[in-house]
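Below is one structure; the comments refer to it alone.
Just so it is clear, none of the values below were taken in a lab; they were calculated from the coordinates. Here the structure is a predicted model, which is why all the values come from computation and not from measurement. Glycine gets a Cβ as well: all are built from the backbone with ideal geometry, and neighbour counts include every protein chain shown.
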Amino acid sequence: MNIRVPTYEDYYSHDGLHYRHLWRETGDKWACPGCGRTKYQIMRWAKRFPRSANSFMGWIAPLHRHHDHSVGYFERGQPRFPQTTICDQCNASDGAAKRKLKLPSNFSFSPQEIALFIQATPHSKHVVNFDVALYIYNKLVSDEGNTGD
């Protein structure tokens, strides 16, 4: 696989696009708590506005505020983890695992749990190990005494 690597000029000129507030809030030393990649390493060459007739290729490095959707799912009544800024690939891996494994939409993996079932590569997309994600989910459900119903 041929991965395009941004120059430091590309990195320093990146304005954060629609996630500009998070981009500014996280300093240059920030690293994703899920995959451990730096802001520079999460930048990847991708199609911008892929569903539009005006799509084009460009550098993206989206950041997301990831939070625990499972407050009401588990009986504890409080989040299992605090809201945390993570990269788009960790956020997408959480969603991909839930969709593929048909997990409840009101469940969320923590960044530390995501780290256990993804393989991260600088400037590229994550590879998700769905077997490990399912194992983590099943372990959480059995530890919480929740049947997932």
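Things worth noting here:
- Close amide H contacts of R48 (hydrogens built in the peptide plane, cut-off under 5 Å, sequence separation of 5 or more or a different chain): F56, M57, G58.
- Within the same chain, aspartates and glutamates fewer than 8 places from K100 are excluded, and of the rest, those with a Cα less than 17 Å from its Cα are E113, D131.
- [x] 16.6, 51; [y] 30.8, 93; [z] 16.0, 54, with the label sought being that of the calculated Rg and Dmax of the Cα atoms in Å: [x]
- With respect to the chain, whose longest principal axis is taken over its alpha-carbon atoms, helix 130-144 is tilted by about 40°.
- In sequence order, region 34-47 has phi-based couplings of x, 9, x, 6, 7, 4, 4, 6, 7, 5, 9, 7, 8, 6 Hz under the Karplus curve 6.51 cos²θ - 1.76 cosθ + 1.60, θ = phi - 60°, and Gly or Pro positions carry x.
- The angle separating the long axis of helix 88-100 from the principal Cα axis of greatest extent in the chain is about 40 degrees.
- Sparsely packed loop sites in region 1-85 (the GluC sites (Glu not before Pro) outside DSSP H, G, I, E and B with at most 12 other Cβ atoms within 10 Å) comprise E75.
- By the beta-carbon count within 10 Å of each Cβ, the least crowded to most crowded order of R4, R37, fewest first, is R4, R37.
- Summarising the amide proton neighbourhood of T85: residues at separation of 5 or more, or on other chains, whose placed amide H is nearer than 5 Å comprise H66.
- Among the listed pairs K47/K98; K47/K102; K39/K102; K102/K139, those beyond 21 Å (Cα-Cα): K47/K98; K47/K102; K39/K102
- Whole-Hz ³J(HN,Hα) from phi, Karplus 6.51 cos²θ - 1.76 cosθ + 1.60, for region 15-25, glycine and proline x: 9, x, 6, 6, 10, 4, 5, 5, 4, 6, 5
- Built amide H within the under 5 Å cut-off of I118, gap 5+: N129
- Cleavage-rule hits (trypsin sites (Lys or Arg not before Pro)) in region 62-115: DSSP loop, at most 15 neighbouring Cβ within 10 angstrom: R76, K102
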